1. Test of understanding: what is the full-extension gain from residue 73 to residue 145, defined as 0.36 nm times their sequence separation minus their Cα-Cα distance?
2. If r is the Cβ-Cβ distance from residue 65 to residue 21 and R0 is 30 Å, what FRET efficiency results, to the nearest 0.05?
3. Between residue 103 and residue 14, what FRET efficiency follows from the Cβ-Cβ distance if R0 is 41 Å, with the result rounded to 0.05?
4. Got a number for the accessible area of residue 47? Probe 1.4 Å, square angstrom, nearest 10.
5. Not counting the cut sites, what is the longest span of the chain without GluC sites (Glu not before Pro) that DSSP labels loop and that have at most 10 other Cβ atoms within 10 Å?
6. Once you have a ≥ b ≥ c as the square roots of the Cα gyration tensor eigenvalues for the chain, tell me rounded if a/c is under 1.5, and otherwise prolate or oblate according to whether a/b is larger than b/c.
7. First compute the accessible area of the chain with a 1.4 Å probe, then give the percent of it belonging to carbon and sulfur atoms.
8. Work out how much length residue 178 to residue 121 would gain on full extension: take 0.36 nm times their residue separation and subtract the Cα-Cα distance, in nm to one decimal.
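The values are calculated or read from the model by the stated rules, or taken from the named source; none is laboratory data. For clarity, every value in this text was computed on a predicted model and none was experimentally measured. Every residue, glycine among them, receives a Cβ derived from its backbone with ideal geometry; neighbour counts consider all protein chains shown. Please note that ligands, DNA and RNA were not included when accessible areas were found on the heavy atoms of the full protein model with its side chains. Shrake-Rupley method; radii C 1.70, N 1.55, O 1.52, S 1.80 Å.
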Amino acid sequence: MTEADVLENKVTHVLPSLPYAENALASIISARTIGFHYGKHHKGYVVTLNKLIAGTELADLSLEKLIAETDDKADKVAIFNNAAQTWNHTFYWRSLRPQGGGEPPAALKQKIDASFGNLAACKKALATAAAAQFGSGWVWLVLDAGALKVIKSGNADTPLTKGVKPLLTIDVWEHAYYLDCQNRRADYMTGVLDKLINWGFAADNIG
Ligand code: FE2
């Protein structure tokens, strides 16, 4: 996909740039993992999505509308999966940052304390949800009727269709960690939560 293709409307959806270099998260997630995850998996969802919707009535919809439109439709499963995975991955890259972790911004910290008791309990809830997710999926910090909650979703499922507001996500598909941690999903989660998680992004999403 080139910029010229986009301008000529030959494609609808574009792989967004990574918000940092591929080696910027290497203390926990190697450049090799990011290279495959972003350059092959994420890109693959975007390319497949564009192929599936080309020439259909869905071709002009925004990604969010496309996800809403195809959710729970038996004849649109492939489109939903690729659209949701495109959105989920873009949200995941922004949920991480080099030198992340640490303390959340004050307003978010206050909400975390109100909903979980303290930051450690919030991180534990995210780690527990990751461990409990059987097979591929995602863990999310969401805003639900004013309170923060941790939820998990299987495969391509996304909180966008669940009436809650996603604040950040961590990908727990094996492709997110297997080259670096093999079967040790818990080690990947600890590293992400301590050193990469972008609390500022979550705070911004509260709005
Ligand atoms: Fe992924």
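1. 23.2 nm
2. Details: r = 32 Å, r/R0 = 1.07.
Using R0 = 30 Å, I get an efficiency of 0.40.
3. Result of the calculation: an efficiency of 0.75.
4. Surface open to solvent at residue 47 totals about 50 Å².
5. Values: sites that count: 8, 57.
Here the longest run is 58-207.
6. Because a/c hits 1.5 or more and a/b exceeds b/c, the chain counts as prolate.
7. On the way: 5250 of 10080 Å².
The C+S portion of the solvent-accessible surface of the chain is 52 percent.
8. Working: separation 57, 0.36 × 57 = 20.52 nm, distance 2.60 nm.
Extra length from residue 178 to residue 121 when fully extended: 17.9 nm.
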